[in-house]
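A.B. asks: Here it is, the structure, as structure tokens.
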Amino acid sequence: MAKIAKPSINFTEIQSNLKAQFSGLDPNDPPSWPAVPRYLFCLAVTVFVVVGLWFLWLSTSDEELTAEKAKEVQLREDYSKKLAQAVNLEALRKQREQVQQYVTQLEKQLPSKAEMDALLSDINQAGLGRSLQFELFRPGQVSVKEYYAELPIGVRVTGRYHDIGAFAADIANLSRIVTLNNLNIAPAKDGNLVMDTTAKTFRYLDSEEVALQRKNAPAKGAKK
């Protein structure tokens, strides 16, 4: 029976052939390279591109992940603030009601423009009721504020020490808000005392003054 001859592989020849293909390569002209170097070069370029794209994708994903984490932290903070507000909502409502009641109470102590003459008369009567002598009672220029109007009154009275003190207490106990400012007390020639002060009264604005204040508000804001 005839034996089949096994093919012999000459590794030395293959190695020499491969070395020959890699020798004398022109780096400026890869298309002219032999098959093996050309295929390996294409494979290397492909691997390089794939690895580069992979790192680029990882970098983009990392930036997106960082942004999402920052967004998550912000959302948690917003949630905590809103939760705290929700927990304290009832207490805040009660505080708001108390403030509104206090403001309403103060507004009731402010006279209207029509009631100012009566208030000036009350101040004058408070002094006369304590046997004080008015040497000066001069209303000044009305100063209109944002929510109220202020009227300064120059006052000079003469009388005994206790009567002047009682007059100041009576002013403080008036149903309307009146303050005594820039107090100056000096002895008089007859043994009494002279008190110079500026009494300030306050009233709420009428509808025309409120409309004027609202009209002038944008102009004041523009000047700032």
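A.B. asks: With a 10 Å Cβ neighbour count serving as the proxy for reagent exposure, in which order, fewest first, do TYR102, TYR204, TYR147 appear? Don't skip to the answer; put the middle values down first.
C.D. replies: Numbers: TYR102 10, TYR204 18, TYR147 13.
Least crowded to most crowded, the residues run TYR102, TYR147, TYR204.
A.B. asks: Hey, what did segment 114-211 get for relative contact order, percent, Cα under 8 Å, at least 6 apart?
C.D. replies: Details: 160 pairs, mean separation 27.8, N = 98.
Across segment 114-211, relative contact order equals 28 percent.
A.B. asks: Next up: Treating the beta-carbon of each Lys and Arg as +1 and of each Asp and Glu as -1, no other charges, what is the dipole magnitude of segment 26-141 about its Cα centre, to the nearest 20 debye? Please list the in-between numbers first.
C.D. replies: On the way: 13 positive and 16 negative charges, 123 e Å.
In debye, rounded to 20, segment 26-141 gives about 580.
A.B. asks: With θ taken as phi - 60° and the coefficients 6.51, -1.76 and 1.60, list the Karplus ³J(HN,Hα) couplings across segment 115-127 in order, rounded to whole Hz; mark glycine and proline as x.
C.D. replies: Using θ = phi - 60°, the values come out as 8, 5, 4, 5, 5, 4, 5, 5, 5, 4, 5, 4, x Hz.
A.B. asks: Now for a separate question. Taking the beta-carbon count within 10 Å as an exposure proxy, list ARG156, ARG203, ARG214 from fewest neighbours to most. All intermediate terms of the calculation are to be shown ahead of the outcome.
C.D. replies: On the way: ARG156 15, ARG203 21, ARG214 10.
With the sparsest Cβ surroundings first, the list reads ARG214, ARG156, ARG203.
A.B. asks: Along its three principal axes, how long is segment 79-224 when you only count alpha carbons? Whole Å, largest extent first please.
C.D. replies: If we take the Cα atoms of segment 79-224, the spans are 74, 36, 28 Å.
Every number here is computed from the coordinates shown, using simple stated rules; none is lab data. Just so we're clear, the structure is a prediction, and the values are computed from it rather than from any experiment. Reconstructed Cβ throughout: ideal geometry from the backbone, glycine too, with neighbour counts over all protein chains shown.
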